[in-house]
Amino acid sequence: MRRKGAAIVQQNGSWYGVTLTVRDKEITDLEILEEGSLAELRKVLKEDGYGAVVESGSAYLFNLAFPFSDKRKIRLVIGSELEERIPVSTDDLTIGFAETAKGNVLAAAIPKSLSEELRQSKHLRITTVQSVAVLYALRWFNVIYQGDFVFLHRNGDAMVIMGFKENHLNYLRQFYYSPQSDSLRDAMAEITGGQADSPRAYVMVSDGVDAAQQKQDLEKTFHIHIEMPSLKRILKNEQTPERLWPAIGAALLSLRPKGQLNLTGNGRGYLFLSTKTALDLSAALAACGLLAAGLFFLDYYLKERAYQYLVSEPNRIYRLSFPKSPPIKDPVRIFREKTRLLEKEPGSVAAVTNPLSVLNEVSSKIGPDLDVKLNEFASDEKEFTISGTTISFASAEKIKAALEQVKGVSQVEVQNLDLAPGKQVKFKMRGKL
């Protein structure tokens with residue numbers, strides 16, 4: 001049986017596409033659609049169903065565990081679960097997930113503006129992430145056949161590492177890669193557990209020009225063997241560029257999208273529950289209602305005070321932000337207008353909305369000569385906090401000086417500086433954007 005698949009791929013901010021024909025386990029008639037706009041590529045594909053794949057750096061990836069495996073229940077709670085892990089509001093994201101084991105899911109989130117731009121065509125069958133598409137292609141070609149393996153994928157500056165135990169995902173790391181950073185070595189040290197003779201297989205796919213050297217360095221450091229499969233050899237076509245791994249994976253996913261990680265955003269959440277679950281939920285809601293009624297009168301006074309405070313808060317914030325401005329009636333509207341004007345100014349850091357980009361800029365300023373390990377990083381539109389350990393108080397001062405050199409950082413202050421076990425210095429710093 002012959003089936004035709006197609007995909008549109010995001011790469012370095014641009015888009016290109018592929019079409020192919022699948023018969024049994026062979027791919028034929030592979031055609032590359034050169035870079036163009038989404039509208040142009042959709043016009044070429046016409047009414048053919050296709051998959052879309054976004055760059056790994058445009059998405060957030062998570063390995064989550066729940067005490068239940070019902071997809072409907074997971075869909076109801078996954079938003080609140082990710083709200084605590086993602087430094088942006090989940091209201092601005094499209095979220096998708098796929099179960100990898102009982103109660104375990106691989107979840108992803110991309111900006112809602114991106115998913116809405118992609119799903120303007122009714123022929124889009126699946127939207128996924130490059131790392132996920134490449135992994136699917138490797139399994140489809142039987143490059144990965146062991147139950148215990150580690151998959152490394154580099155897409156531009158984004159690195160994703162997935163560890164599998166008995167063919168179930170049990171480890172996931174996503175970070176910005178830099179040759180000057182120890183992030184990759186730290187992640188590999190964590191996943192190998194310091195064991196030189198790891199029983200796992202290691203497979204790496206990278207679009208970096210230094211991929212071969214990177215593979216050699218990891219093998220030498222951790223005494224492992226890493227397989228780097230060649231798409232040319234698998235397809236028996238020397239004209240096939242290696243960059244097509246995610247494109248072929250997305251095209252294959254478009255043929256069987258059911259049960260896969262899908263960020264298209266066309267689906268609606270389950271609004272109806274089974275009879276037994278509905279009865280259990282009704283009983284739980286009734287109990288909660290009685291409890292809420294009992295607490296209402298106790299809570300009323302505190303809510304009233306909070307309400308009065310919040311009513312006056314917009315005016316107070318506006319006066320602090322614009323002390324020379326005259327009194328106004330609608331501070332929220334005026335504040336938004338003034339903020340919008342500030343964002344349009346050249347060099348404004350308000351335009352920096354991607355926390356991973358901020359972390360990449362911070363990492364580039366901390367030189368390789370500083371022995372530092374970062375444990376936590378959080379960022380919003382106004383400030384960021386960073387914590388970790390280093391070898392001395394002098395090194396902590398150097399880190400603070402390096403952070404002050406980051407473009408757009410106006411002030412850096414040390415919130416905490418303590419001695420830690422092992423002659424280490426634990427620090428926490430906050431920078432204002």
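Taking the Cβ-Cβ separation of Gln213 and Ala394 as r and a Förster radius of 30 Å, what is the calculated FRET efficiency to the nearest 0.05? Walk me through the intermediate numbers first.
Values: r = 33 Å, r/R0 = 1.10.
Working from the Cβ atoms, E equals 0.35.
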* Asked: aspartates and glutamates within cross-link reach of Lys122: Cα-Cα under 13 Å, excluding same-chain residues under 8 positions apart?
  -> Glu47, Asp48
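Can you give the Kirkwood hydrodynamic radius of the range 75-119 from its Cα pairs, in Å with one decimal? Don't skip to the end; give the middle numbers.
Numbers: mean 1/r = 0.0887 Å⁻¹.
This gives a value of 11.3 Å.
Length gain on complete extension for the stretch Glu227 to Asp418, per 0.36 nm per residue less the alpha carbon to alpha carbon distance? Show your work: numbers first, answer last.
On the way: separation 191, 0.36 × 191 = 68.76 nm, distance 4.31 nm.
Working it through step by step, the gained length comes to 64.5 nm.
Per 0.36 nm of contour for each residue apart, how much would the distance between Leu285 and Ser364 grow if the chain were fully extended, relative to their Cα-Cα spacing? Working shown, then result.
Working: separation 79, 0.36 × 79 = 28.44 nm, distance 5.10 nm.
Gain on extension, Leu285 to Ser364, equals 23.3 nm.
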* About its Cα centre, what dipole magnitude does the chain give when the only charges are +1 on Lys and Arg Cβ and -1 on Asp and Glu Cβ, stated in debye to the nearest 20? -> 1040
* In the neighborhood of Glu55, defined by Cβ-to-Cβ distances under 11 Å, what is the net charge if each Lys or Arg adds +1 and each Asp or Glu adds -1? -> -2
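When only Cα pairs under 8 Å and 6 or more residues apart are kept, what is the percent relative contact order across the chain?
Details: 678 pairs, mean separation 58.9, N = 433.
It rounds to 14 percent for the chain.
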* Using alpha carbon centroids, what distance separates the range 381-433 and the range 121-152, in Å? -> 39
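Over the chain, what per residue volume does the convex hull of the Cα atoms give, in whole Å³?
Working: hull volume 93.5 nm³, N = 433.
It is 216 Å³ per residue.
Can you quote the Å³ per residue value for the convex hull of the Cα atoms in the range 133-184, rounded to an integer? Mind showing how you got there, number by number?
Working: hull volume 4.2 nm³, N = 52.
Once divided by residue count, the hull of the range 133-184 is 80 Å³.
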* Structure fact -> Taking a straight Cα-to-Cα line shorter than 28 Å from Lys373, and setting aside same-chain lysines fewer than 8 residues away, one finds Lys165, Lys215, Lys220, Lys365, Lys382, Lys398, Lys400, Lys407, Lys423, Lys426, Lys428, Lys432
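Ignoring everything except DSSP H segments at least 4 long, calculate the 222 nm mean residue ellipticity for the chain; use -39,500 (n - 2.57) per segment, divide by total residues, nearest 500. If you can, show how the numbers build up before the last one.
Values: 12 runs with 161 residues, N = 433.
One gets -12000 deg cm²/dmol as the mean residue ellipticity at 222 nm.
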* For the range 1-87, which trypsin sites (Lys or Arg not before Pro) are both in a DSSP coil and crowded by at most 15 other Cβ atoms within 10 Å? -> Lys25, Lys46, Arg85
* Structure fact -> At q = 0.12, 0.25 1/Å the base-10 log of I(q)/I(0) from the Debye formula over the alpha-carbon atoms of the range 200-261 is -0.41, -1.06
* Structure fact -> For the range 352-432, the Debye formula with one identical point scatterer on each Cα and no solvent gives log10 I(q)/I(0) at q = 0.17, 0.19, 0.21 Å⁻¹ as -0.60, -0.75, -0.92
* May I have the pair-distance distribution P(r) for the range 144-228, computed from all Cα-Cα distances with 5 Å bins from 0 and rounded to whole percent? => 3, 14, 29, 29, 18, 6, 1
* Whole Å is fine, so just give me how far the alpha carbon centre of the range 220-270 lies from that of the range 72-101. => 23
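Read the figures in this text as sums done on the coordinates, not as results from a lab. None of these values were measured; they are calculated from a predicted model. Every residue, glycine as well, gets a Cβ built from its backbone with ideal geometry; the counts of neighbours run over all protein chains shown.
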